[in-house]
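All remarks here apply to the structure that follows.
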Amino acid sequence: MKAHSRPGSGIGVDADAGVRCLRPGSSRARSARTRSTTGPLRLPFGAAWPDLFIAPFHHVGEKQLPEGHVIHRLAGAIGGAFSGRELAVTSPQGRFAVEAAHLNGTRLRGADAWGKHLLLDFDADGDHLVHIHLGLIGKFPIGPIAPVHGQVRLRLDDGVTAADLHGPQWCRLLGDQEWQSVRATVGADPIRPDADPDRAWQAVHRSSRPIAVLLMDQAITAGVGNIYRAEVLFRSRIDPMTPGNRLNHATWQRIWEDLVVLMRDGVATGRIDTVRPEHTPEAMGRPPRIDRHGGEVYVYRRAGRPCLVCGSLVRQTNLGGRHLFWCPRCQRRHR
Ligand SMILES: [Zn+2]
């Protein structure tokens with residue numbers, strides 16, 4: 001079996017990612033650590049976009065918000081499918097009908113992501129930005145036009161292809177000024193080249209909250225979810241309960257740079273793999289991880305199992321309503 005292939009199927013389904021990728025194995029075996037933190041962000045959307053569609057998120061154990069890489073992949077898929085095209089914009093369910101009518105027949109300029117926020121920019125008069133947050137159950141699959149199925153808040157269609165938005169937490173039509181107000185509340189997104197990690201640091205080093213909580217605060221680091229926070233803290237050997245104001249700046253920079261590598265890797269591959277080359281199943285001669293919540297990781301959803309580095313049992317606790325995973329032996333650093 002290949003390192004990261006799912007048992008019994010040639011199709012990889014990323015539960016946390018919410019993205020079903022029909023081209024498994026393309027870059028699965030590569031380690032996130034081997035990639036540059038500064039190189040251009042390589043999006044996988046030059047290939048056939050129908051290979052990407054957003055599937056429902058699985059809720060096993062705890063509800064799982066998609067992490068930021070999923071939204072960036074979605075923005076890439078929608079932009080790749082529809083940018084520059086005049087679209088029929090409708091709301092089959094009716095709840096976005098007035099706004100859809102305003103945009104109907106206009107050209108999509110592009111789609112972009114900030115953390116877990118998706119923004120569609122239409123070439124329309126007045127309010128022209130559709131601001132979407134998928135929340136826990138939202139999905140936005142793209143494919144050949146087919147009859148509307150279920151409650152579709154927003155449908156984009158170019159006569160051949162349609163994208164149907166189901167169950168978003170938000171779907172709102174905004175003007176530039178309103179969007180700027182929203183954007184000002186969104187923290188630094190490690191996937192975005194224009195992110196400002198120093199702004200995040202200003203919030204982190206003034207806070208007595210645990211770094212594990214701060215990383216999940218979307219107003220500080222946008223797009224980081226439960227998997228990336230657990231894994232980046234493990235890779236930096238930081239005790240997750242370390243207060244932000246005890247971290248030094250160099251440690252913060254290391255955490256940030258690692259998030260950039262890991263999360264951009266997630267955009268490129270559609271899954272979350274965080275183990276270094278020496279800890280892959282092949283390198284360690286161990287079976288691949290089997291879990292509906294994603295790829296090869298050190299601690300996430302591995303409670304009670306031996307740490308891949310030291311053999312201690314991975315621990316789990318509830319922190320702010322979310323499960324936190326860490327290795328008590330590897331993660332002892334407080335600075
Ligand atoms: Zn350990």
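Summary table below
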read-out: Relative packing of peptides 112-122, 205-215 - highest average C-beta neighbours within 10 Å first; value: 112-122, 205-215
read-out: Backbone N under 20 Å from the H323 label point (7 Å along Cα→Cβ), restricted to the stretch 206-237; value: 212-217, 224-235
read-out: Computed label-point distance, nm, for sites C310 and E86 using a 7 Å Cα→Cβ extension; value: 6.4 nm
read-out: Amide hydrogen neighbours beyond the local backbone of K116, cut-off 5 Å, H modeled; value: G223
read-out: ³J(HN,Hα), Karplus 6.51/-1.76/1.60, whole Hz, each residue of the stretch 111-128, x for Gly, Pro; value: 10, 8, 10, 10, x, 9, 9, 10, 10, 10, 10, 9, 7, 10, 6, x, 4, 9
read-out: Pairwise FRET efficiency - Q169 versus N245, Cβ, R0 = 25 Å, nearest 0.05; value: 0.20
read-out: 5 angstrom amide H check on D291, placed H, neighbours 5+ away; value: none
read-out: Net lengthening on full extension, D198/D158 (0.36 nm per residue, minus Cα-Cα); value: 10.3 nm
read-out: Theoretical gain in end-to-end length, D125 to I137 [0.36 nm per residue, Cα-Cα removed]; value: 1.2 nm
read-out: Efficiency of FRET between R333 and E282 - r from beta-carbon atoms, R0 30 angstrom, step 0.05; value: 0.55
read-out: The stretch 68-184: relative contact order as a whole-number percent, Cα under 8 Å and 6+ apart; value: 27 percent
read-out: Net +/- balance of residues flanking D196 in space, Cβ distance below 15 Å, scoring K and R +1, D and E -1; value: -1
read-out: In Hz, Karplus ³J(HN,Hα) per residue of the stretch 142-147 (6.51, -1.76, 1.60; θ = phi - 60°; x = Gly, Pro); value: 10, x, x, 4, 9, x
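Every number in this text was worked out from the coordinates using simple rules, so none of it is lab data. Bear in mind that the values here come from a model prediction, so they are computed numbers and not experimental data. Cβ atoms come from the backbone with ideal geometry, glycine included; neighbour counts cover every protein chain shown.
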